[in-house]
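The values are calculated or read from the model by the stated rules, or taken from the named source; none is laboratory data. Keep in mind the model is a prediction, meaning the values are calculated, not measured. All Cβ positions, even for glycine, are placed from backbone atoms using ideal geometry, and neighbour counts span all protein chains on display. Heads up: the accessible areas ignore ligands, DNA and RNA and are worked out on the full protein's heavy atoms, side chains in. Shrake-Rupley method; radii C 1.70, N 1.55, O 1.52, S 1.80 Å.
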Amino acid sequence: MEFLNALNGIVYIVLEAIWWIIIVQAVLSWLIAFNVINTSNEYVRNGLYALDRMTEPLYRPVRKVLPDLGALDLSPMVVLLAVIILQGPVRENLFAALMRAAA
C-alpha cells in the first residue's frame, strides 16, 4: 500500500512538472514572437531547445490528430487539458492516502 501511495505521489509530481514546463514554453514562445527575448543568445537558445526536446514527444501524437491551423498550434492546450484531467484522480487518491495516514 505504501508503494502505491509513493507511486501516486511521483505521478502527481511528474504531471505537475509537465504542466509547468508547457506553461513556461508557451510564455517564452509569446515573448519570442513579440521580440522581447533575443534568440541569438546562446543560453536562451539552449533553454528553448531543452524545452522543445521535453515537450515534442507529448505534442507529436496530438499534432497528428489535430487539423493544421497554420501558425496556431493548439497541441499545448490539448496536452494541458489531458494533464489536468489525469491529475484529478491522482489528486483524489493522494488526498485519500494522506487522510488514511493521518487517521
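Observations
- Within segment 33-47, the set of residues being open to solvent by 50 Å² or more (accessible area, probe 1.4 Å), in a helix (DSSP H, G or I) and of a type outside the set (F, W, Y) comprises A33, E42, R45, N46.
- I21 vs. criteria within 30 Å of A6 (Cα to Cα), of a type in the set (A, V, I, L, M) and open to solvent by less than 90 Å² (accessible area, probe 1.4 Å): yes
- Set R100, R53: member being under 21 Å from W20 (Cβ atoms) and open to solvent by 80 Å² or more (accessible area, probe 1.4 Å): R53
- Restricted to segment 56-65, and to residues there that are of a type outside the set (D, E, K, R) and exposed (fewer than 14 other Cβ atoms within 10 Å of the Cβ), the residue that is farthest from I22 (Cα to Cα) is V65.
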